[in-house]
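**Q** If you scroll down you'll find the structure; I have some questions about it.
The values are calculated or read from the model by the stated rules, or taken from the named source; none is laboratory data. Computed from a predicted structure; not experimentally measured. Cβ coordinates were reconstructed from backbone atoms using ideal geometry, including for glycine residues, and neighbour counts include every protein chain displayed.
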Amino acid sequence: MTPKNEIRKIAICGTHGVGKSTLAYQLAAAYKTQGLNCKVINETARSCPFPLNHGMTIEAAMWIAHSHINKELEAQARLYQVVVSDRSSIDSLMYASHFGLHSHPYYPGMHQLAERWLNHYYQVVFVRPDPDYSATEDGIRDTGHAFRASVDQQFETFFNHTSVDLKEKLITVNAAEIFGGTACKKLLGS
């Protein structure tokens, strides 16, 4: 059990439409049944004032990453024992990289900040797409398979080349595990 003065932060990363939000709420419910004060940080991209999807700019990636970090800091200030983040500081940069924005002068500094922020998490969960589960059309996200697969590849490349410390916190799950109820058990058991 987590001591009252320790915050257990969990980041759920991956491309869109793979079950990250579902997993975040499953984990929050499980921690609440353990009597822990838990907060879910919802993704910030939907409130971004800059274009998303194929019109994404470096400003959008920066706004999303900073907004996400800010929400986590607010949860920390409110002394939640568990913070489950639907997305992480690095997610918007994986989308930016997909669009070739990694060559922008602001990208390296943002990437370094986002990667360092990941070290503050207790667990980093990488959710992989599952061919049996497709993204639901919501009028905001591009649900095309090629786009989602390319963003997933950005995450895979990042996690394969990240620090040893971060790899020790990394747990990979897929949509079938989330919707089948085994992902939450897997995360709580580790």
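**Q** Got at least one residue in the range 43-66 being modelled with pLDDT under 95, among the acidic types (D, E) and not in a helix (DSSP H, G or I)?
**A** The answer is yes; a qualifying residue exists.
**Q** Which members of the range 38-59 meet the condition of being exposed (fewer than 15 other Cβ atoms within 10 Å of the Cβ) and among the small types (G, A, S)?
**A** Across the range 38-59, the qualifying residues are S47, G55.
**Q** Which one of these does Q76 not meet: (1) surrounded by 17 or more Cβ atoms within 10 Å (Cβ to Cβ); (2) on the phi < 0 side of the Ramachandran plot?
**A** (1)
**Q** Looking for whichever is within 30 Å of T182 (Cα to Cα) and assigned to a loop (DSSP other than H, G, I, E, B) here; the options are V83, V40, V18. Which one fits? Talk me through it step by step, then tell me what you get.
**A** Details: V83 fails: assigned to a loop (DSSP other than H, G, I, E, B); V40 fails: assigned to a loop (DSSP other than H, G, I, E, B).
Every option except V18 fails the conditions.
**Q** Can you find, within the range 86-96, the residue that is surrounded by the most Cβ atoms within 10 Å (Cβ to Cβ) among those that are outside any loop (DSSP other than H, G, I, E, B) and in contact (Cβ under 8 Å) with a residue 60 or more places away in the chain?
**A** D91
**Q** For the range 1-15: of the residues being among the basic types (K, R) and assigned to a strand (DSSP E or B), which is nearest to T172 (Cα to Cα)?
**A** Filtering the range 1-15 for residues that are among the basic types (K, R) and assigned to a strand (DSSP E or B), the one nearest to T172 (Cα to Cα) comes out as K9.
**Q** Next question. Given (1) assigned to a loop (DSSP other than H, G, I, E, B); (2) crowded, with 16+ Cβ neighbours inside 10 Å, identify the lone condition not met by G35.
**A** (2)
**Q** Could you check how many residues of the range 146-180 are assigned to a loop (DSSP other than H, G, I, E, B) and either under 16 Å from G14 (Cβ atoms) or free of Cβ contacts under 8 Å to residues at least 12 places away in the same chain (or both)?
**A** The qualifying residues number 3.
**Q** Moving on to the next point. Can you pull out the residues in the range 163-178 that are touching a helix residue (DSSP H, G or I) at 6+ places or on another chain (Cβ under 7 Å) and either surrounded by fewer than 20 Cβ atoms within 10 Å (Cβ to Cβ) or modelled with pLDDT under 90 (or both)?
**A** L166, L170, I171
**Q** Moving on. For the range 172-190, name all the residues that are of a type in the set (S, T, N, Q) and within 14 Å of D130 (Cβ to Cβ).
**A** T172, N174, T182
**Q** Suppose we filter Q81, Q112 for residues that are polar (S, T, N, Q), touching a Lys or Arg at 6+ places or on another chain (Cβ under 8 Å) and under 22 Å from V125 (Cα atoms); which single one remains?
**A** Q81
**Q** Right, something else. Given the structure, is S150 modelled with pLDDT of 90 or more, within 17 Å of the chain's Cα centre (by Cα) and farther than 29 Å from L73 by Cα?
**A** Yes, satisfied.
**Q** For the structure I just gave you, tell me whether P105 is of a type outside the set (A, V, I, L, M), touching a helix residue (DSSP H, G or I) at 6+ places or on another chain (Cβ under 6 Å) and within 26 Å of S163 (Cα to Cα). If you could, list the steps in order and put the result at the bottom.
**A** Numbers: of a type outside the set (A, V, I, L, M): yes; touching a helix residue (DSSP H, G or I) at 6+ places or on another chain (Cβ under 6 Å): no; within 26 Å of S163 (Cα to Cα): yes.
Taking the combined requirement at face value, the residue does not satisfy it.
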